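S.K.: Handing you a structure now.
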Amino acid sequence: MLNNILLAAAVTIPVTPLCAPILAEEVTSSKLTTTIAASPTQKSGANQMWSMVALGETGNTPPAMALYEVGVANNIACRNAARAKFFELGARDMSPSDSNSQWATIGNMRAIAWCRDTRVIISVAGYNYNSVAEVRDVMAKAF
């Protein structure tokens, strides 16, 4: 679905020579924004942005994110396994039980298990990469 949206957006952008100056124009904003420097181990700013939205203010520590993918039997088994593991880990602020994107807060981290047919994508975001990777690995064992 994301690929279809990106393709539709790319098709709708005109690429005639008349549009080139407009697309290449520098845009400035009167609103000041602050940025957080990424750590040397962080690969991309996209992880940082998602984590900041999910976790709130980060202070001086850049957020970390860990991903994993595992095969599952079906969406129902996936949702049940994710919820059981979240309860075991003492999660709070959990998503509804019938949602294919099971997410929760575990300590000061946010975790999601996105059930997609016969695959589950696990993502955990927090402030310490070792803790994030540990929760990700524990979540992966549930499937």
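S.K.: If a residue must be modelled with pLDDT under 95, more than 11 Å from Met65 (Cβ to Cβ) and either surrounded by 22 or more Cβ atoms within 10 Å (Cβ to Cβ) or in contact with a strand residue (DSSP E or B) (Cβ under 7 Å, 6 or more places away or on another chain) (or both), how many such residues does the range 121-134 contain?
M.R.: 2
S.K.: Does Ile106 satisfy being over 15 Å from Phe143 (Cα atoms), of a type in the set (Val, Ile, Thr), at pLDDT below 90 and surrounded by 13 or more Cβ atoms within 10 Å (Cβ to Cβ)?
M.R.: no
The values are calculated or read from the model by the stated rules, or taken from the named source; none is laboratory data. It should be emphasised that the depicted structure is a prediction, and the values quoted were computed from it without experimental measurement. Please note: Cβ atoms are built from the backbone with ideal geometry, for glycine as well, and neighbour counts cover all protein chains shown.
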